[in-house]
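Enquirer: Sharing a structure below in structure tokens format, with a few things to ask.
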Amino acid sequence: MVSVNHISLLPQLLQGSDLVAVLPERLAKTLPNVYLQPPPIEVEGFTMMMAWHERTEQDTAHRWLREVLQGVVKPKQAL
């Protein structure tokens, strides 16, 4: 068993190994040269969170960006 701190490390780990990974389908479909199959057990979904420093909490541009990101992600979470 291998655990990674960030999902972006999976392509390098999977390439040329006999490892198996459980990850979001949308991400899995972007990986080259891998086989995809539903896991044999039900796996709970992933929780996505945004984080920012308190100094940017009231920043107008930063607030706008957070709202845009929320608008993009929410519809996709329903998939």
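Any read-out appearing in this document is the output of simple, stated calculations on the displayed coordinates, not a laboratory observation. Note that the structure is predicted; figures quoted are calculated from it, not measured. Because the Cβ atoms are built from the backbone with ideal geometry, glycine has one as well, and the counts that use them run over all protein chains shown.
Enquirer: How much length is gained if the chain between His62 and Leu19 is pulled fully straight, taking 0.36 nm per residue apart and subtracting their Cα-Cα distance, in nm to one decimal?
Expert: Contour length minus the Cα-Cα distance gives 11.6 nm.
Enquirer: Let me ask you something else. With charges set only on the Cβ (+1 for Lys and Arg, -1 for Asp and Glu), what does the dipole of the chain come to about its Cα centre, in debye to the nearest 20?
Expert: In total the dipole reaches around 240 debye.
Enquirer: In a Gaussian network model over the chain where Cα atoms closer than 10 Å are linked, find which of Leu13, Leu23, Leu69 has the largest mean-square fluctuation.
Expert: Of Leu13, Leu23, Leu69, the most mobile in the Gaussian network model is Leu69.
Enquirer: Okay, moving on. So between Trp52 and Ile7, what do we pick up on full extension, going 0.36 nm a residue minus the alpha carbon distance?
Expert: Computed gain between Trp52 and Ile7 is 14.2 nm.
Enquirer: Using only helices, what value at 222 nm comes out for the chain when you add -39,500 (n - 2.57) per DSSP H run of length 4 or more and divide by the total residues, to the nearest 500 deg cm²/dmol?
Expert: -9500 deg cm²/dmol
Enquirer: Please report, largest first and rounded to whole Å, the three semi-axes of the ellipsoid equivalent to the chain, where each semi-axis is the square root of five times an eigenvalue of the C-alpha gyration tensor.
Expert: 31, 15, 12
Enquirer: Against the longest alpha carbon principal axis of the chain, how many degrees, from 0 to 90 and to the nearest 10, is the axis of helix 60-77 turned?
Expert: Between the helix axis and the principal axis of the chain, the angle is about 40 degrees.
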